[in-house]
Amino acid sequence: MTKLAVRRATRFGTAIVAAAALGGLAFTFKAEAGSGARIPVRTPEPVRGVEVAKLTDPPFVPPPITRTYATKVVVNLDVVEKPMRLADGVEYNMWTFGGTVPGKFIRVREGDMVELHLRNMAGNSMPHNIDLHAVTGPGGGAKVTMTMPGSETVFTFTALNPGLYVYHCATAPVPVHIANGMYGLILVEPKGGLPKVDREYYVMQSEFYTKGKHGEAGLQPFDFQKGVDERPEYVVFNGAEGALLGEHALRAKQGETVRLYVGNAGPNLTSSFHLIGEIFDNVYQEGGTMASQHNVQTTLIPAGGAAIVEFRAEEPGDYTLVDHSIFRAFNKGALGLLKVDGQPNLAIYKGQAGTPAAE
Amino acid sequence: MSRRRTLLPLLVVVTAPVALCSGPGAEPAVGSGAAVRTAAAAPAAVARATTVAPTPAPAARPEAGVAPASRREMARVPAGSYLPLYAAGRRRVPVAAFEMDRYPVTRAEYLEFVRRHPEWRRSRVAVAGYLADWRGDLDFGDATDARRPVTRVPRAAAQAFCAAEGKRLPTTDEWEYAAGAGVDRRDAASDPAFRQRLLELYTRPRGAEPAPIGSTFRNAFGLSDLHGLVWEWVQDAMPADHAHHAGGAHDMGCAGSANGATDPDDYPAFLRYAFRAALTPDATLPNLGFRCAR
């Protein structure tokens with residue numbers, strides 16, 4: 001290392017120490033055999049036992065982890081390619097993790113050793129792999145999980161950092177694999193868990209670049225030029241128009257606390273995530289582990305990123321999830337619904353004729 | 001517990017090479033806790049698939065007065081050049097004139113081959129999944145399956161078939177050059193409409209069985225079904241065989257695969273190269289067939 005580099009190392013090092021202290025991170029030194037150098041790495045805690053992760057389809061989330069120790073968690077994820085509904089009368093040949101778009105929700109605990117079994121089903125056309133943003137290591141697992149149809153790949157990582165993370169397929173050309181539906185969320189719960197809430201849901205925004213215009217019926221292929229131009233025909237929550245509407249609306253009861261794990265798969269757009277008629281009491285910005293902001297109307301969620309939002313459902317009625325980049329909601333499908341059941345509270349909301357919102 | 005702090009992030013900045021997913025040549029299975037299992041076969045079978053020399057072509061044994069090769073039309077592909085997805089200096093690669101089967105090899109044709117070469121019957125070949133959809137050694141199923149491309153054959157079997165006809169598998173250069181032809185023009189590889197058409201063929205839902213030959217399109221060289229029917233074996237599919245063809249040092253498993261590509265817009269090529277990069281010689285996939293060249 002040059003003298004200059006050493007000086008810079010010292011200066012930058014100070015900043016990093018401060019940042020690490022703020023973040024509550026602790027690194028330990030581990031001697032590298034023979035070299036005399038000391039390489040700082042985090043030493044995972046010992047794992048006890050084995051369990052198979054219970055994965056859920058959107059919009060549901062596996063229950064909180066009550067374990068107080070790290071374990072080995074087996075995650076079985078099947079890649080399935082199949083035509084699925086994108087909108088009424090519109091189908092798209094989705095490439096999925098687990099048969100749904102977004103893929104299965106994975107929930108593990110900080111320190112867990114995750115043994116991920118990626119099975120590419122024999123009926124599929126393409127090789128696939130997985131890059132989990134929760135992974136510390138090259139490619140997030142992509143490099144070691146390239147899997148042909150009919151094969152299975154096993155990959156192990158320790159979930160060193162808690163947080164809410166996107167996972168996605170990273171096989172070339174990556175944009176096609178993401179645009180076709182290959183993404184989902186993995187929650188690495190911090191030790192001690194997140195604060196208890198009454199309800200948790202899984203919502204993920206993404207775009208679809210169909211050859212036909214929005215609403216054009218039939219099986220729609222991917223349109224390369226629209227993808228490059230970032231001109232999606234569809235911007236949706238949970239993989240299809242209406243996936244969170246009507247009988248599929250999210251539900252809560254008045255007085256309950258609700259937590260949404262919100263991901264944005266992109267592949268291109270940043271989401272201006274907003275819940276009409278509600279204010280987020282807490283936002284864990286960018287999916288981190290700290291409730292970093294309170295009383296938020298709209299939170300930005302980058303492509304390939306996530307956020308955790310929490311609120312108390314205080315007034316009954318219908319609450320609409322939107323991307324407040326509002327043409328996407330009005331014209332491209334970025335609409336969902338949360339229905340809150342309960343008694344109108346006229347002290348906090350009433351119309352001119354005293355009409356409550358709920359009826 | 002020691003709570004010493006560290007300079008690690010900086011050291012990474014100072015010393016790390018420009019790595020997109022992982023450094024070139026990184027061994028996936030070392031130090032990453034990774035293990036890879038494929039659906040294939042016992043080591044002995046793998047060894048066979050990778051080392052068996054092509055069976056020498058026997059003298060043509062006419063059956064009903066027609067040698068097998070003569071029933072399988074070939075098209076002559078004139079000399080030319082093409083631009084691979086990865087090419088140092090963006091240099092086009094020259095390709096000498098060759099002949100190529102007009103269609104992928106069908107199940108009926110493969111049945112004739114295993115009749116003549118019993119060593120390639122299913123029961124004799126220890127490669128997992130080999131002809132797994134056949135009903136027996138000499139029974140590929142319904143008569144309607146006769147014109148479907150044969151699939152679930154490892155590379156060595158495809159090589160043996162071609163050798164028995166006095167042919168060979170095409171090289172990746174030959175295949176890619178031939179496949180760059182559109183319906184009306186011989187070099188359509190950079191035409192956006194042609195690329196979009198290929199993308200649609202590659203990503204449409206896959207049926208349980210490949211469609212019969214002749215169900216996609218015939219290109220300007222007179223070759224049919226190069227795109228969207230089945231993937232096809234080439235001689236040098238694997239990265240170890242030929243660096244630029246399968247992506248080589250380019251990691252086809254990450255966004256970094258765009259780095260160094262001659263044209264990042266050529267999505268059909270990325271799909272093909274990624275498929276070949278993930279292939280092993282003993283792959284017996286239901287959507288992987290072959291055709292021969294000479």
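Quick notes
- Residues of the range B:256-293 satisfying the condition of being within 10 Å of chain A (Cβ to nearest Cβ) and in a strand (DSSP E or B): B:Ala261, B:Leu288
- Selection of the range A:159-190 for residues being within 14 Å of chain B (Cβ to nearest Cβ), surrounded by fewer than 24 Cβ atoms within 10 Å (Cβ to Cβ) and farther than 30 Å from B:Pro268 by Cα yields A:Leu160, A:Asn161.
- Hits in the range A:108-129 (condition: hydrophobic (A, V, I, L, M, F, W, C), part of a loop (DSSP other than H, G, I, E, B) and facing another protein chain (nearest Cβ under 9 Å)): A:Ala122, A:Met126
- Boolean, A:Gly193 is in contact with a Pro (Cβ under 8 Å, 6 or more places away or on another chain), on the phi > 0 side of the Ramachandran plot, away from chain B (no Cβ under 14 Å) and surrounded by fewer than 22 Cβ atoms within 10 Å (Cβ to Cβ): yes
- Among the residues making up the range A:132-143, a single one is closer than 15 Å to A:Leu77 by Cα and within 7 Å of another protein chain (Cβ to nearest Cβ): A:Ala142.
- When A:Met94, A:Met84, A:Met148 are screened for being touching a helix residue (DSSP H, G or I) at 6+ places or on another chain (Cβ under 7 Å) and either within 13 Å of chain B (Cβ to nearest Cβ) or among the small types (Gly, Ala, Ser) (or both), only A:Met148 passes.
- Taken across the range B:104-118, residues that are out of contact with any helix residue (DSSP H, G or I) (no Cβ under 9 Å at 6 or more places or on another chain), modelled with pLDDT of 95 or more, farther than 17 Å from B:Val234 by Cβ and among the aliphatic types (A, V, I, L, M) do occur, with at least one present.
One line per residue, one yes/no per condition, for (1) within 30 Å of A:Lys196 (Cβ to Cβ); (2) at pLDDT below 95:
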{"position": "A:Thr10", "(1), (2)": "no, yes"}
{"position": "A:Gly23", "(1), (2)": "yes, yes"}
{"position": "A:Ala31", "(1), (2)": "no, yes"}
{"position": "A:Gly34", "(1), (2)": "no, yes"}
{"position": "A:Glu45", "(1), (2)": "yes, yes"}
{"position": "A:Lys72", "(1), (2)": "yes, no"}
{"position": "A:Asp88", "(1), (2)": "no, no"}
{"position": "A:Met94", "(1), (2)": "no, no"}
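- Among the residues of the range A:272-298, the one identified as touching a residue at least 40 places away in the same chain (Cβ under 8 Å), at positive phi and surrounded by 15 or more Cβ atoms within 10 Å (Cβ to Cβ) is A:Gly287.
- When residues in the range A:130-158 are screened for being out of contact with any Phe, Trp or Tyr (no Cβ under 9 Å at 6 or more places or on another chain), in a loop (DSSP other than H, G, I, E, B) and crowded, with 24+ Cβ neighbours inside 10 Å, 2 of them pass.
- Where strands (runs of 3 or more DSSP E) fall entirely within the range A:269-359, none has at least 3 residues that are at pLDDT 95 or above and in contact with a Cys (Cβ under 6 Å, 6 or more places away or on another chain).
- Test: residue in the range A:59-80 that is more than 28 Å from A:Thr158 (Cβ to Cβ) and under 14 Å from the mean Cα position of the chain (by Cα): yes
- Scanning the range B:62-87 for residues that are at pLDDT 85 or above and in a strand (DSSP E or B), we see that the one that is surrounded by the fewest Cβ atoms within 10 Å (Cβ to Cβ) is B:Arg76.
- Residue in the range A:211-229 that is under 21 Å from the mean Cα position of the chain (by Cα) and closer than 21 Å to A:Thr100 by Cα present: no
- Only residues that are surrounded by fewer than 16 Cβ atoms within 10 Å (Cβ to Cβ) and assigned to a helix (DSSP H, G or I) were counted in the range B:158-208, giving 2.
- Qualifying residue in the range B:260-269 (condition: modelled with pLDDT under 85 and farther than 30 Å from B:Arg147 by Cα): yes
The values are calculated or read from the model by the stated rules, or taken from the named source; none is laboratory data. Quantities reported herein were computed from a predicted structural model and do not represent experimental measurements. We place every Cβ from the backbone using ideal geometry, glycine too, and count neighbours over all the protein chains shown.
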